[in-house]
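Colleague: Below is one structure. I have some questions about it.
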Amino acid sequence: MNICLFDPGLENNQGMPSANLGDLIIQEAVNRELGELFASAKFINIATHEFPEIRHIFSASLCSLIFVGGTNLLGSEMNYYKQWKVSLLQKIVLRKATLLGVGWQTYQGDPNFYTKISLRAALSSKLVHSVRDSYTKSKLESAGIYNVINTACPTMWPFMDMDYQSIPSQKAANALIMLTDYSKQPELDGKLLELIASKYEKVFIWPQGRGDQAYISSILSGMSATTFMLEHSYDKFLSFLDSGIAFDYIGTRLHGGVKCLLAKKRSLILEIDNRAKEIAKDINIPTCQREDISRIEHWIDSYSNVDIKLPIDAINQWKSQFHKYSKA
């Protein structure tokens with residue numbers, strides 16, 4: 001069986017990986033879940049970051065199933081802001097794509113006419129779609145798409161098998177920081193870095209996004225804090241998680257924070273848009289408003305417990321609809 005995956009981890013259709021390494025975290029989770037469901041299938045991967053050619057869409061249309069894998073690809077004005085780079089005509093040809101942990105770009109009004117038409121054209125009317133939060137579910141429903149359930153992001157599904165008591169509840173000796181290049185607030189982020197430098201022995205920084213290192217370095221240039229910049233590499237990040245260094249994660253990168261939690265690191269994800277905020281409402285991941293420096297300081301100095309509430313029934317419901325395909 002051939003399966004098409006619109007893959008957020010690909011920068012282009014020549015196979016180059018996305019420069020936003022958070023996309024690789026999502027890609028890893030999507031591949032894990034689809035690989036378990038369809039162990040013998042052949043996958044055809046198409047990038048979401050560039051428009052596909054006719055041959056890509058033709059190959060996708062011949063596949064038994066088409067999946068759209070994670071990240072914030074949907075929005076209310078998809079004719080203007082094409083996060084999922086597929087034209088209306090191409091969506092009409094696809095007709096049967098199924099969402100897996102996809103989210104809405106930002107807080108917006110109701111979907112416009114183009115968005116409603118394009119999503120109804122592209123998405124399957126027979127299979128149930130998986131979205132990462134209730135906000136995205138409500139937006140799709142406002143576009144007339146009701147076969148949707150909130151499963152949270154597949155990056156978070158391993159929390160089902162995790163003992164939260166294994167995550168430390170007290171401050172570690174060191175800190176890992178991530179900040180976001182496309183949501184710059186230098187003065188506020190400078191205060192955050194100064195606070196963290198005053199609380200921890202060593203401060204490590206991982207630049208998840210393509211411009212994160214330059215942005216963070218520009219803030220650090222006016223500070224006396226000693227920090228250690230990790231390489232912009234997913235493998236280097238994974239090696240750091242496995243290094244045995246005790247650290248707390250504090251930062252604005254959602255998926256980097258999720259990986260830290262899965263590595264049993266005490267973590268606080270700072271909300272900069274709808275993603276962390278809406279997911280926290282649904283499943284209680286540890287978050288805080290970016291502007292609330294006093295609360296961040298309180299979290300650093302006090303005890304904290306993790307009690308994530310995954311929608312396990314919804315996840316199992318979404319998976320179970322494919323059993324007939326996996327046995328084919």
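Colleague: Could you please tell me the mean projected area of the C-alpha convex hull for the chain, averaged over all directions and given in square nanometres to one decimal?
Modeller: Over every viewing direction, the Cα hull of the chain projects on average to 16.2 nm².
Colleague: A further question follows. Would you please report the Å³ per residue occupied by the convex hull of the alpha carbon atoms in region 49-123? All intermediate terms of the calculation are to be shown ahead of the outcome.
Modeller: On the way: hull volume 6.0 nm³, N = 75.
Hull volume normalised by residue count: 80 Å³.
Colleague: Then there is this: Let's test this: bin the Cα-Cα distances of region 124-171 at 10 Å from zero up to the farthest pair and state each bin's percent.
Modeller: Percent of pairs per bin, in order: 24, 35, 23, 13, 5.
Colleague: Taking every pair of Cα atoms in region 1-96, average 1/r, invert it to obtain the Kirkwood radius, and report Rg/Rh to two decimals.
Modeller: Over the Cα atoms of region 1-96, Rg/Rh equals 0.94.
Colleague: Among all stretches of the chain without exposed chymotrypsin sites (Phe, Trp or Tyr not before Pro) (DSSP loop, at most 13 other Cβ atoms within 10 Å), which one is longest? Each step should come with its number before you reach the end.
Modeller: Working: sites that count: Tyr80, Tyr81, Tyr107, Tyr146, Tyr182, Tyr303.
With a cap of 13 other Cβ atoms within 10 Å, the longest stretch comes to 183-302.
Colleague: Label 7 Å along Cα→Cβ of Lys82; region 46-64 residues with amide nitrogen under 20 Å?
Modeller: 46-61
Colleague: Still on this structure, please answer the following. Report the Cys residues of the chain lacking a disulfide-compatible partner, meaning no second Cys Cβ under 4.7 Å from their Cβ.
Modeller: Cys153, Cys260, Cys288
Colleague: Which of the trypsin sites (Lys or Arg not before Pro) found in region 186-218 are in a DSSP loop and have at most 16 neighbouring Cβ atoms, other than their own, within 10 Å?
Modeller: Listed in order of number, the matching sites are Arg210.
Colleague: Right, here's the next one. What does the charge count around Ser59 come to, taking other residues whose C-beta lies under 12 Å from its C-beta (Lys +1, Arg +1, Asp -1, Glu -1)?
Modeller: That works out to +1.
Colleague: Would you order Ile196, Ile300, Ile177, Ile312 from fewest to most other beta-carbon atoms within 10 Å of each residue's own beta-carbon?
Modeller: Least crowded to most crowded, the residues run Ile312, Ile300, Ile196, Ile177.
Colleague: Can you compute the charge dipole magnitude of the chain about its Cα centre, using +1 on each Lys and Arg Cβ and -1 on each Asp and Glu Cβ, nothing else charged? Give it in debye, rounded to the nearest 20.
Modeller: Working: 35 positive and 34 negative charges, 228 e Å.
In debye, rounded to 20, the chain gives about 1100.
Colleague: Give me the number: length gained by fully extending Asn316 to Asn12, i.e. 0.36 nm times residue separation minus the C-alpha to C-alpha distance, one decimal in nm.
Modeller: Here the answer is 106.3 nm.
Colleague: Name the residues whose placed amide hydrogens come within less than 5 Å of the amide hydrogen of Asn45, ignoring near sequence neighbours (fewer than 5 apart) on the same chain.
Modeller: Amide H neighbours of Asn45: Leu5.
Colleague: Starting from the Cα gyration tensor of region 154-302, multiply each eigenvalue by 5, take the square root, and state the resulting semi-axes largest first in whole Å.
Modeller: So the three semi-axes of region 154-302 are 22, 17, 16 Å.
Colleague: What is the spin-label model distance, in nm, from Ile245 to Asp301 if the labels are put 7 Å beyond Cα along the C-beta direction?
Modeller: For Ile245 paired with Asp301, the spin-label model returns 2.6 nm.
Colleague: Another one. Dipole size in debye (nearest 20) for region 160-301 around its Cα centre, Lys and Arg Cβ +1, Asp and Glu Cβ -1?
Modeller: That gives region 160-301 a dipole magnitude of about 80 debye.
Colleague: So, one more: Taking 25 °C and 0.890 mPa s as the conditions, I'd like the Stokes-Einstein D for region 67-106 in µm²/s, using the Kirkwood hydrodynamic radius from alpha carbon pairs.
Modeller: Once the numbers are plugged in, D ends up at 231 µm²/s.
Colleague: Per 0.36 nm of contour for each residue apart, how much would the distance between Ile293 and Phe51 grow if the chain were fully extended, relative to their Cα-Cα spacing?
Modeller: Between Ile293 and Phe51, full extension yields 83.0 nm more.
A short reminder: the numbers here are calculations on the coordinates, not readings from a lab. This is a predicted model, so every value here is computed, not measured. Neighbour counts run over all protein chains shown; Cβ positions are idealised from the backbone, glycine included.
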